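The values are calculated or read from the model by the stated rules, or taken from the named source; none is laboratory data. A quick note: this is a predicted structure, and the numbers were derived from the prediction, not measured. Cβ placement follows ideal geometry from the backbone for every residue including glycine, while neighbour counts extend to all protein chains displayed. Note: accessible area is taken over every heavy atom of the protein model, side chains too, but ligands, DNA and RNA are not part of it. Shrake-Rupley method; radii C 1.70, N 1.55, O 1.52, S 1.80 Å.
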Amino acid sequence: MSGESEISPVDQILSKVDLASIQDERARECIRLLLNLVESLTADLRKAQAENLYLREQLKRGKGGGDKPGQPKDTAGTKSQSSEKERAERKPHIKRGKLERVRIDREEVLQLDRASLPPDAQFKGYEDVVVQELRIGTDNVKFRKEKYYAPSTRQTYLASLPAGYQGEFGPNLKSLCLLFSHLCNMTEPKIADLLENFGIVISSGQISAWLTGAYPGIQEEKRAIVEAGLASSPWQHMDDTGTRVDGQNHHCQILCNPLYGAYFTTAHKDRMTIIDVLRNGRPRTYRINEEAVELLRRFNASKRDVEQVGRLPFHQDWSEEEFERKLEEQIPNLGEAARRRIMEAAALAAYHAESGRVRLLICDDAKQFKLVTDELALCWIHDGRHYQSMTPCVPQHREWLEAFRTAYWNFYKKELLPYRQHPTPELAVQLEKQFDDLFSTVTGYDELDQRIARTKADKTYLLMVLDHPEIPLHNNPAELEARTRVRKRVVSYGPRSLVGARAWDAMETLLSTARKLGVNFFQYIRDRVSGAMQMTALADLIKQRAETMDLGSSWKST
């Protein structure tokens, strides 16, 4: 019938299967296994269809597309799943008056033609109408600098340009280019085209130079922002996304909390890289102590290597060069894999010995985040997406999956979210029991049951909120920060040098932090580019806000 989806014969047969109605236990188990075999074969077929479609698209293009090798798009008739609907938190809508936020630059009185009015018309005041408008035009200035020459000193004296005016362009124009590039994600040629339409004669090469050099102190400011952000709370969000530098694959690490967001372009995304980011790029340090030796055993280092490392001086910090020299002296002919394990264990031990380190990371379950901090909180949204991506073909399996997903998000929204507002030890015990009951569910749909078991195995990380109600249940802030880089790379693909990558990181750090602190990004950049430095530094604002916000009240010090 028109407007109705056709049901295949297989679906018709499967829809009639009711395991509960089968009395014979052996027959019921046999049918259950067959249904799961159908699911497995269907999943393999979908994957093969997606790979074939991907390969056909690549052959048509004649060259590689934008997808990563080995990761074809899922275009075999399945829709991408999202957990947005289930995890949405309803918040009361507060409508803000627009006129309250509009700054009045000038007033103009509109008069009536008195001759057109009746003789008895009386003046009754004014009716205000606020209209927002923008003035776009050049403000090109020819500065005539006075010049004097003193024979007595044999020197020429020349008047200086106003603050912020260096070269052939003013601070407003430079700041606007930074705004176009990082807030509006415009490419350099497009910025040049736009300015040319405004009457500015400029090249994209000049704009490119500004993007890395208009604000010489930007790297120092980024470092200060990260230091203040790390000190503002004992917990941090962290995530990463792919990025390109001069056509080579790199990674963008995102570090943030409610007061700031910071970006780091790195060549790798291993555990050593995570430590570097959490230390704000300071030179690596290494330490041998009991923890380092225990970590080596956990990393399956050889007994000989553990014994040799254990003979090094304990509780002493070394630089990377010093530590490598010590290893060469103590353990000659050390293999590369063994060296990496030792360096990683010593770096972790050194970081854990630092005061003011990050105590808890909110992240996904990637292995590079583990062991770096004292505690780890996994994102419920990441975990929930695994259930969203499941597409069973057996009707009964779909029913079981939908029922469990409903229970999953009810536990998240109706139990865990309210707990953060009113935590008590008794309620924490009750929620832990509810978690155990929910994730001990066995349905008979193997893929779902295996997924439930994996969630239960992450119980400690998913229920970290019971000990720390101040932390969010998800890693959305870091994911939203990652979208900034994703949008930027879609337009600009990637910087052509590491200098450009560092400029991207710094500008995106300032943009994210200014947005979270309610600071006008254009005004702040213009203040810095012009050299006025009148606005309060973002790092200082973070420190001020951290004193009034409670971002770690329930932290249990170790």
- Using R₀ = 30 Å, calculate the FRET efficiency as 1/(1 + (r/R₀)^6) where r is the Cβ-Cβ separation of Arg483 and Ala403; round to 0.05. 0.40
- Kirkwood-Stokes translational diffusion coefficient of the chain, alpha-carbon pairs, 37 °C, 0.692 mPa s, µm²/s: 113 µm²/s
- Query: Which percent of the accessible heavy-atom area of the chain goes to carbon and sulfur, probe 1.4 angstrom?
  - Reply: 50 percent
- Message: Tell me the angle of helix 395-411 to the major Cα principal axis of the chain, expressed in degrees between 0 and 90 and rounded to the nearest ten.
- Response: 50 degrees
- Task: Write down the accessible area per residue of the chain in Å², having rolled a 1.4 Å probe over the full set of protein chains.
- Result: 61 Å²
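Where in region 458-531 are there chymotrypsin sites (Phe, Trp or Tyr not before Pro) that are in a DSSP coil and have at most 11 other Cβ atoms within 10 angstrom of their Cβ? Let's see the in-between values first.
Numbers: sites: Tyr461, Tyr493, Trp504, Phe521, Phe522, Tyr524; in loops: Tyr493.
Hits after loop and neighbour filter: nothing returned.
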- Message: Let's test this: bin the Cα-Cα distances of region 111-227 at 10 Å from zero up to the farthest pair and state each bin's percent.
- Response: 9, 25, 20, 16, 13, 10, 5, 1
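Just the projected area, averaged over all directions, of the convex hull on the alpha carbon atoms of region 262-334: how many nm²? Spell out each step's value before the answer.
Values: hull surface 22.9 nm².
Mean shadow area of the hull around the Cα atoms is 5.7 nm².
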- Query: Are there trypsin sites (Lys or Arg not before Pro) in region 426-501 that DSSP marks as loop and that have at most 14 other Cβ atoms within 10 Å, and which are they?
  - Reply: Arg496
- Helix 538-548 vs. the chain, principal-axis angle (Cα, 0 to 90°, nearest 10): 60 degrees
- For region 345-485, count all C-alpha to C-alpha pairs, find those more than 19 Å apart, and express that count as a whole percent of the total. 58 percent
- Note on the structure: Distance in nm between Val491 and Tyr126 label points, each 7 Å along Cα→Cβ, equals 3.9 nm
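Of all chymotrypsin sites (Phe, Trp or Tyr not before Pro) in region 115-213, which ones are in loop regions per DSSP and have a Cβ with at most 11 other Cβ atoms within 10 Å? Each step should come with its number before you reach the end.
Details: sites: Phe123, Tyr126, Phe143, Tyr148, Tyr149, Tyr157, Tyr165, Phe169, Phe180, Phe198, Trp210; in loops: Phe123, Tyr126, Phe143, Tyr165.
Taking region 115-213 and a limit of 11 other Cβ atoms within 10 Å, the loop chymotrypsin sites (Phe, Trp or Tyr not before Pro) found are Phe123, Tyr126, Phe143.
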- Going down the table (Lys222/Lys543; Lys269/Lys488; Lys60/Lys190; Lys190/Lys222), which pairs top 22 Å between alpha carbons? Lys60/Lys190; Lys190/Lys222
- Per residue convex hull volume, Cα atoms of region 303-412, in Å³: 166 Å³
- Item | By average C-beta atoms within 10 angstrom, highest first, the peptides 268-276, 106-114 | 268-276, 106-114
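Antiparallel versus total DSSP beta bridges in the chain: what percent is that, nearest 5?
Around 75 percent of the beta bridges assigned by DSSP in the chain are antiparallel ones.
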- Query: So what's region 452-558 giving for Rg/Rh, alpha carbon basis, Kirkwood Rh from the mean inverse pair distance?
  - Reply: 1.08
- Summing -39500 (n - 2.57) over every DSSP H run of at least 4 residues in the chain and dividing by its residue count gives a helix-only mean residue ellipticity at 222 nm, to the nearest 500 deg cm²/dmol, of -15000 deg cm²/dmol
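Taking the mean number of other Cβ atoms within 10 Å as a proxy for protection, how do you rank 393-402, 233-242 from highest to lowest?
On the way: 393-402: 17.8, 233-242: 22.0.
The most tightly packed comes first, giving 233-242, 393-402.
Within a Cβ distance under 15 Å of Glu290, other residues only, what is the Lys/Arg minus Asp/Glu net charge? Walk me through the numbers before you get to the answer.
Values: positive: Arg287, Arg297, Arg298, Arg311; negative: Glu291, Glu294, Glu307.
Within the 15 Å Cβ shell, the charges total +1.
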- Which of the peptides 280-290, 337-347, 413-423 is most tightly packed, and how do the rest follow, judged by the mean count of other Cβ atoms within 10 Å per residue? 337-347, 280-290, 413-423
